[in-house]
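Data first, discussion second: the structure below is written as structure tokens.
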């Protein structure tokens, strides 16, 4: 370890594979690693859960020397990846895994231990970024003292945790999530890597927030125009709509509209949003809803965590296209 101001930097370089490119929790996780190792020694890679196994294989394939591999806010699915972990460990890699999604929490602990990971945390207690931050701060015996630059990032970590768990109790968490979504991937990573402890927005971040606000307003308007609501026999309300990005923020707007006498905590509802931007389906819910959305999404091959989840449903796109073609054929027939 090399001593640095307020802590140590590992001599090794690191790769951080995390959820992105528009997820505040995933971006913040990457920034934690970047601030711990130093910008020159950390490489962030952002990916969707459906691509994580391929990405892990690709980013570790061509490395000429052992590195530290961090996997955060995302979890592998393929057994081949677990075989790869064992091989990397034999080569001298250190592998760390931090996640809070159901797919992670429900993994068998003995099977995880058998992989030879250097360190891991699978817990629903906090978002991945907060779990990772806490791990880096507390793992002094293994990694050395955390540098002051990481500790100055705590305010952002708390905002990421508040937003990702859909608590929205900390001022500024929604705005930061919007800003990161507008910047995306590497651009968002670099901005947060160099932000100060007070999280003063740079001109680039301020412009991104303004743009995101306009895009969100358009997405909310689309959701309101396409909104469809059904109430089940048990009283659970299902609200479905189209949107164009910013699914969590759109769902939060819809949540306010189903309040019972203004009390969202007393209304059990699930919000189903079809995102035209990536053609995926997102699920959100009110606090009063007892349904575990991660388990619900899992029935469609997706995942997430109890209050926010998602999945891909290709047949939905096919159905919509087929419906339009059939309507057009009928109109042509009626024309003669």
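A few comments on the model shown:
- Filter pass, residue 97 being outside the structural domain of residue 292 (by TED's automatic domain parsing), at negative phi and either crowded, with 19+ Cβ neighbours inside 10 Å or in contact (Cβ under 8 Å) with a residue 60 or more places away in the chain (or both): yes
- Residues within the range 223-236 that are free of Cβ contacts under 8 Å to residues at least 40 places away in the same chain, surrounded by 10 or more Cβ atoms within 10 Å (Cβ to Cβ) and in a helix (DSSP H, G or I), tallied: 2
- Sole residue being within 14 Å of the chain's Cα centre (by Cα), surrounded by 17 or more Cβ atoms within 10 Å (Cβ to Cβ), in the same structural domain as residue 175 (by TED's automatic domain parsing) and at pLDDT 95 or above, chosen from 55, 45, 59, 33: 45
- Out of 220, 239, one residue alone is closer than 13 Å to residue 272 by Cα, touching a helix residue (DSSP H, G or I) at 6+ places or on another chain (Cβ under 8 Å) and either touching a residue at least 24 places away in the same chain (Cβ under 8 Å) or assigned to a helix (DSSP H, G or I) (or both). It is 239.
- Residue match in the range 247-268 (condition: part of a helix (DSSP H, G or I), in contact with a helix residue (DSSP H, G or I) (Cβ under 6 Å, 6 or more places away or on another chain), at pLDDT 90 or above and farther than 26 Å from residue 101 by Cβ): no
- Residue check for residue 291: within 22 Å of the chain's Cα centre (by Cα) and in a loop (DSSP other than H, G, I, E, B): yes
- Any hit, the range 174-189, residues being crowded, with 18+ Cβ neighbours inside 10 Å and free of Cβ contacts under 8 Å to residues at least 24 places away in the same chain: no
- The listed residue being within 24 Å of the chain's Cα centre (by Cα), surrounded by fewer than 18 Cβ atoms within 10 Å (Cβ to Cβ) and in contact (Cβ under 8 Å) with a residue 40 or more places away in the chain, out of 128, 160, 155: 155
- Test for residue 158: is it under 23 Å from residue 246 (Cβ atoms), at pLDDT 95 or above, in contact with a strand residue (DSSP E or B) (Cβ under 6 Å, 6 or more places away or on another chain) and in a helix (DSSP H, G or I): no
- Qualifying residue in the range 235-244 (condition: under 26 Å from residue 160 (Cβ atoms), within 17 Å of the chain's Cα centre (by Cα) and at pLDDT 90 or above): no
- Qualifying residue in the range 81-98 (condition: at pLDDT below 95, touching a strand residue (DSSP E or B) at 6+ places or on another chain (Cβ under 8 Å) and not in a helix (DSSP H, G or I)): no
The values are calculated or read from the model by the stated rules, or taken from the named source; none is laboratory data. As the structure is a computational prediction, the values presented were derived from the model and not from experiment. Please note: Cβ atoms are built from the backbone with ideal geometry, for glycine as well, and neighbour counts cover all protein chains shown.
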